[in-house]
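Undergrad: Before we start, here is the structure in question, set down as structure tokens.
The values are calculated or read from the model by the stated rules, or taken from the named source; none is laboratory data. Note that the structure is predicted; figures quoted are calculated from it, not measured. In this analysis, Cβ positions are derived from the backbone assuming ideal geometry, glycine residues included, and neighbour counts consider all displayed protein chains. For accessibility, only protein heavy atoms count, side chains too; no ligands or nucleic acids. Shrake-Rupley method; radii C 1.70, N 1.55, O 1.52, S 1.80 Å.
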Amino acid sequence: MIPLIDVRHLSKSYSLGEVVVNALSDVTTTIEQGSFVAIMGPSGSGKSTFMNILGCLDRPSSGQYLLDGVSVENMQRDELAEIRNRKIGFVFQNFNLLAHVSASENVKLPLLYSDSVVGDVDAMTRRSLEAVGLGDRLQSFPSQLSGGQQQRVAIARAIVNQPRIILADEPTGALDTKTSHEIMAIFRDLNRNHAITVVVVTHSDEVATYADRVIRFRDGRLVQDETRPASISSSAAAQRELV
Ligand SMILES: Nc1ncnc2c1ncn2[C@@H]1O[C@H](COP(=O)(O)OP(=O)(O)OP(=O)(O)O)[C@@H](O)[C@H]1O
Ligand SMILES: [Mg+2]
């Protein structure tokens, strides 16, 4: 089977005046469809740079990226935007919601930008919010919601287009421990029951227990790649929920 994500010798450097920063150096890996991957590593090790390339928000300086078997290097801007919209859902540390519109308007937004929406936009929006347990807060504004609820809205927005992948960069970074587990449980549900591939950047070992594979970066290099049996990751996570 073709891996969903296939990167080969990926590098990204930034020039800052005379200095060149190698944010990513020669990263080669694949991520299979249906997997749940945690990305860890010290600050500045290249995690966000890697995620931005996977999400087609940024391009590598060199190397190849095949998404679903298709090389993204030579795609035009509008093709990339279309792929982002159709295949990828993003979740960020600070939720990135529009402050002055309701939860349902926030979630609906990607549908309004998409050319290929089939179905009832309002129904899709409602289903997404119900999937994250916010079916009763459709009309709430972000300021009327807790951090955890705002992140749920962001997840609902990420899944409304029924993407193949969710890319979440420190999605629990602004949340307390209990809320972090609630958010991770949602990702696990989307991964297990809705076949969405999930890639989560985290600094937390506890958060990483939800993943069945942990990739570690250091100085822009992929230095460790550990897959654990699904039974361990799910039972560790299940145990924590009981606490
Ligand atoms: N736009 C940019 N211009 C210049 N340098 C950049 C840019 N973006 C990232 N970098 C540099 O690339 C390196 C990797 O940054 P990146 O944001 O990927 O790290 P990170 O692992 O996500 O860190 P953190 O855990 O703090 O979020 C860092 O040295 C950073 O300063
Ligand atoms: Mg980062």
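Undergrad: Please work out if SER102 is open to solvent by 20 Å² or more (accessible area, probe 1.4 Å), more than 20 Å from the chain's Cα centre (by Cα) and polar (S, T, N, Q).
TA: Taking the combined requirement at face value, the residue does not satisfy it.
Undergrad: Still on this structure, please answer the following. Does region 5-16 include one or more residues that are buried (at least 17 other Cβ atoms within 10 Å of the Cβ) and among the aromatic types (Phe, Trp, Tyr)?
TA: Among the residues of region 5-16, not one is buried (at least 17 other Cβ atoms within 10 Å of the Cβ) and among the aromatic types (Phe, Trp, Tyr), which makes the answer no.
Undergrad: Report, by residue number, each residue of region 127-148 that is touching a residue at least 24 places away in the same chain (Cβ under 8 Å) and either within 17 Å of the chain's Cα centre (by Cα) or in a helix (DSSP H, G or I) (or both).
TA: Result: SER128, LEU129, ALA131, VAL132, PRO142, SER143, GLY147, GLY148.
Undergrad: Could you check, for region 25-33, whether at least one of its residues is within 18 Å of the chain's Cα centre (by Cα), within 18 Å of ALA211 (Cβ to Cβ) and either within 13 Å of ligand 2 (Cβ to nearest atom) or of a type in the set (A, V, I, L, M) (or both)?
TA: yes
Undergrad: Still on this structure, please answer the following. Kindly provide the set of residues from region 22-47 that are over 27 Å from ALA81 (Cβ atoms) and part of a strand (DSSP E or B), ordered by number.
TA: Listed by number, the residues that qualify are ASN22, SER25, ASP26, ALA38, MET40.
Undergrad: Go through region 4-46 and report how many residues are at pLDDT below 95 and more than 10 Å from ligand 1 (Cβ to nearest atom).
TA: Looking only at that region, the number is 2.
Undergrad: Here's a follow-up. Would you mention how many residues in region 24-46 are open to solvent by 10 Å² or more (accessible area, probe 1.4 Å) and under 20 Å from ILE196 (Cβ atoms)?
TA: 6
Undergrad: Can you tell me which residue in region 215-229 is farthest from SER11 (Cα to Cα), limited to those that are within 16 Å of ligand 2 (Cβ to nearest atom) and open to solvent by less than 70 Å² (accessible area, probe 1.4 Å)?
TA: Ranking the candidates gives ILE215 first.
Undergrad: Return a yes/no flag: does region 150-168 have any residue that is open to solvent by 10 Å² or more (accessible area, probe 1.4 Å), part of a loop (DSSP other than H, G, I, E, B), modelled with pLDDT of 95 or more and aliphatic (A, V, I, L, M).
TA: The answer is no, given that none of the residues of region 150-168 is open to solvent by 10 Å² or more (accessible area, probe 1.4 Å), part of a loop (DSSP other than H, G, I, E, B), modelled with pLDDT of 95 or more and aliphatic (A, V, I, L, M).
Undergrad: When only residues in region 169-181 that are part of a helix (DSSP H, G or I) and under 14 Å from VAL200 (Cβ atoms) count, which is nearest to ligand 2 (Cβ to nearest atom)?
TA: SER180
Undergrad: Restricting attention to region 203-216, which residues are assigned to a strand (DSSP E or B) and within 20 Å of ILE88 (Cβ to Cβ)?
TA: Residues satisfying the conditions are ARG213, ILE215.
Undergrad: Considering each of PHE50, PHE95, PHE90 in turn, give the residue that is in a strand (DSSP E or B), in contact (Cβ under 8 Å) with a residue 24 or more places away in the chain, within 16 Å of ligand 2 (Cβ to nearest atom) and open to solvent by less than 60 Å² (accessible area, probe 1.4 Å).
TA: Unique residue meeting the criteria: PHE90.
Undergrad: If I filter region 182-202 for residues that are part of a loop (DSSP other than H, G, I, E, B), within 16 Å of ligand 1 (Cβ to nearest atom) and at pLDDT 95 or above, do I get at least one hit?
TA: yes
Undergrad: Has region 125-147 got any residue that is at pLDDT below 95 and surrounded by 13 or more Cβ atoms within 10 Å (Cβ to Cβ)?
TA: no
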